[in-house]
Amino acid sequence: MGTNASSNLLTLTLEQVRDAILAHLKEGNAGHYNIGRLYNYVVDNKLAEQKKYESAQVYFNQHIQELSQSTLTRYGAVARQFTEEACRMHGVTKLYTLRAYAKEAGIQLTAGDPGLTPIEVPREGGKVERKSFAECNLEELRQAAKHKRKPSRATMPSTDAARIQFLRDSFSRHFAQGGRVQLKTSTQGGETLLTIQGVPLAQVERLMEALLDGFQPQPVRAVG
């Protein structure tokens, strides 16, 4: 089934997308780009939700067990940003790592082939070697992204960490694993902030139960 043209995607049903992904999976690395495009198509057009699935992630978890959610997300992210030719030339994993490097380094990737993108690769003794993306292997890219990563200045108090873990345990009991409900945290001005997202309106009552259970009893021992 051809999937190179955007017009072709618009004619595919959810079941046809599944079959196309499985077909591209047999192509090895050559099929990763199209798998990403197909995944994005399902997510963007809410095909899974139209078939009464909670989300695209839930559908793929049930019907394409050959690929993990993290792999599908990686393929989709690369397919959004890079061309099929770039994926064929450099591979999805290297391009995904390049995205991470660009984010940490604060650089804007150019359209087309990113092969000439300058990468600062850390070496022994604190030295840095400047190489092009095309010249770097995967491990060099990973080390470069890690080297650029800025250390977090804000540290969550241990008592807050204990309470957050208690809440996470409560959420895992009340909401199915693999769902879209997420509990995120951040620290600003010495205060721990919570963000809860992805809760369906029909499950707000379950959210309240999870929050109540997550705060009782009061944690008495710090995590870690």
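Data table
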| item | result |
| --- | --- |
| Summed residue charge, Cβ within 12 Å of Arg18's Cβ, Lys/Arg positive, Asp/Glu negative | -2 |
| Phi-based couplings in Hz for the stretch 114-127 (Karplus 6.51, -1.76, 1.60; Gly and Pro marked x) | x, x, 8, 4, x, 10, 9, 9, x, 10, 4, x, x, 7 |
| Leading residue at positive end of dipole, the chain (Cβ point charges), from Ala86, His63, Gly214 | Gly214 |
| Contact order normalised by residue count of the chain, Cα under 8 Å, 6+ apart, percent | 14 |
| Mean ellipticity per residue at 222 nm, deg cm²/dmol - from DSSP H runs of n ≥ 4 across the chain, formula -39500 (n - 2.57) | -15500 deg cm²/dmol |
| Coil-residue trypsin sites (Lys or Arg not before Pro) of the stretch 70-166, DSSP, other Cβ within 10 Å capped at 15 | Arg123, Lys127, Arg149, Arg153 |
| Calculated FRET value between Gln69 and Glu191, using beta carbons and R₀ = 30 Å, to 0.05 | 0.40 |
| Rounded if a/c under 1.5, otherwise prolate or oblate - the stretch 79-176, Cα gyration tensor axes | oblate |
| Accessible-area composition of the stretch 6-155, carbon plus sulfur, in percent [1.4 Å probe] | 47 |
| Contact order normalised by residue count of the stretch 1-114, Cα under 8 Å, 6+ apart, percent | 24 |
| Exposed GluC sites (Glu not before Pro) absent - longest run of the chain, DSSP non-H/G/I/E/B, at most 14 other C-beta within 10 Å | 67-224 |
| Anisotropy class of the chain from Cα gyration tensor, a/c 1.5 cut | oblate |
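The values are calculated or read from the model by the stated rules, or taken from the named source; none is laboratory data. Just so it is clear, the model here is predicted, and its values are computed rather than measured. A quick note on method: Cβ atoms are made from the backbone with ideal geometry, for glycine too, and the neighbour counts reach across all protein chains shown. We work out accessible area using only protein heavy atoms, side chains counted, and drop any ligands, DNA or RNA first. Shrake-Rupley method; radii C 1.70, N 1.55, O 1.52, S 1.80 Å.
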